[in-house]
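Chemist: Starting off with a structure, shown below.
The values are calculated or read from the model by the stated rules, or taken from the named source; none is laboratory data. Source: prediction; values computed, not measured. Cβ placement follows ideal geometry from the backbone for every residue including glycine, while neighbour counts extend to all protein chains displayed. For the accessible areas, the whole protein counts, side chains as well, though only heavy atoms, and no ligand, DNA or RNA atoms are used. Shrake-Rupley method; radii C 1.70, N 1.55, O 1.52, S 1.80 Å.
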Amino acid sequence: RLEKEMHVAYLVTDINSIKVDEISANPYVLLTFQDAKRFASISGELVIELDRDLIEEMWKESWTIWFPKGKSDPSIALLKFTSYEGEFWDNAGIQGVKFVYSAVKALVTGDIPKVNSDQHSTVALSKK
């Protein structure tokens, strides 16, 4: 579930997972996403949620693999991710052509390739 207006996403985990201890020690994380020619990273903070109503609302049958007792399994926890900043790189389609052109031009001239905001940008998502 993604709450767009608040830049919040939820992930599921086992409350006994080592990552829960790691989050308790340091809640600041980086989520990354990529495909063959695009990449995004989002920095933010995780909070452990044990709200049974929210777990019930978000339950997916595919989670039964990890939680055989179903949605009432007491080991289910949600990780609430609140984002602060996002960054993306896009070398798909015309952006890839632009990058190759700038890279070849830089190689010939000895300059550093120039990347425009359609290829790479940083976006503030919320206040820390």
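Chemist: Could you tell me which residue out of 70, 54, 82 lies farthest along the dipole of the range 37-91 toward its positive end? Charges go on the beta carbon: Lys and Arg +1, Asp and Glu -1, centred on the Cα centre.
Modeler: 70
Chemist: If you roll a 1.4 Å probe over the heavy atoms of the protein chains, what accessible area per residue do you get for the range 4-71, in Å²? Present the calculation step by step, with values, prior to reporting the outcome.
Modeler: Details: 4850 Å² over 68 residues.
Result: 71 Å² per residue.
Chemist: Another one. What nm value, rounded to one decimal, do you get for the distance between residue 32 and residue 61 when each label is placed 7 Å out toward the C-beta?
Modeler: 3.5
Chemist: While we're on this one: If I model a spin label at residue 109 and residue 84 as a point 7 Å from the Cα along the Cα→Cβ vector, what separation in nanometres do I get?
Modeler: Calculated label separation equals 3.6 nm.
Chemist: Shifting gears a bit: Would you mind calculating the gained length between residue 17 and residue 71 on full extension (0.36 nm times residue separation, minus the Cα-Cα distance), in nm to one decimal?
Modeler: Numbers: separation 54, 0.36 × 54 = 19.44 nm, distance 1.73 nm.
Computed gain between residue 17 and residue 71 is 17.7 nm.
Chemist: Could I ask something else about it? Carbon-plus-sulfur fraction of the accessible area of the range 10-88, 1.4 Å probe, in percent?
Modeler: Values: 2700 of 4930 Å².
On the range 10-88, the fraction of accessible area on carbon and sulfur atoms equals 55 percent.
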